[in-house]
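Here's the structure we're looking at; comments come further down.
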Amino acid sequence: MGMELRVLMVMAMVIALTSAASAASGTATYYQRPYVPSACYGNQDNGVMIAGASDAIWNNRAACGTQYSVRCTGAANDSPRPCKSGSGSITVKIVDYCANCMGDINLSEDAFGQIGNLTVGKIKVEYNQV
């Protein structure tokens, strides 16, 4: 194996480990339609893969437009099967502020439904900015 290939492989491993290590743990809830207006974009439609930021992420509007990868990791309460089987992670865009969030990130119902079972309402997640 050539030296260049070895260097590229090591760099890829470092990047992958850094990404995994930088993920924050917290909880996610969801909100229902209508998704507009939002604190960041007013009446502009930003699709359905969106979220509201709690104080943990908001940073005085600096979170507006940032994207987060979110993955369900388990139950935030005693609910069985909170995560959808084989769901992996989703990417959402921060479009709103959630002043009274019951979690770190408040996903749209559409986004939450891709990784968690809506009936549980709140799940444990790992999330990181992408």
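Accessible surface of the range 84-130, 1.4 Å probe: 42 percent of it comes from carbon and sulfur atoms. Listed peptides 69-76, 115-122, 32-39 appear in the order 69-76, 115-122, 32-39 once ranked by packing, highest mean of other Cβ atoms within 10 Å at the front. What does the net charge come to around A24 if you take all other residues with beta carbon closer than 14 Å to its beta carbon, with K and R at +1 and D and E at -1? Result for the local shell: -1.
Backbone geometry of the range 112-129 corresponds, through the Karplus equation with coefficients 6.51, -1.76 and 1.60 at θ = phi - 60°, to 3J(HN,Hα) couplings of 4, x, 7, 10, x, 7, 4, 5, 7, x, 8, 9, 7, 9, 10, 9, 8, 6 Hz, x marking Gly and Pro. Only aspartates and glutamates eight or more places from K93 in sequence, or on another chain, were considered; those with a Cα closer than 20 Å are D45, D55, D104, E109, D110, E126.
Suppose R0 equals 22 Å. What FRET efficiency, 1/(1 + (r/R0)^6) with r the Cβ-Cβ distance, do Q67 and N100 give to the nearest 0.05?
Values: r = 24 Å, r/R0 = 1.07.
The computed FRET efficiency comes out at 0.40.
The values are calculated or read from the model by the stated rules, or taken from the named source; none is laboratory data. Owing to the predicted nature of the structure, the values given are computational and were not obtained by experimental measurement. Cβ coordinates were reconstructed from backbone atoms using ideal geometry, including for glycine residues, and neighbour counts include every protein chain displayed. Areas reflect the complete protein model, heavy atoms only, side chains present, ligands, DNA and RNA absent. Shrake-Rupley method; radii C 1.70, N 1.55, O 1.52, S 1.80 Å.
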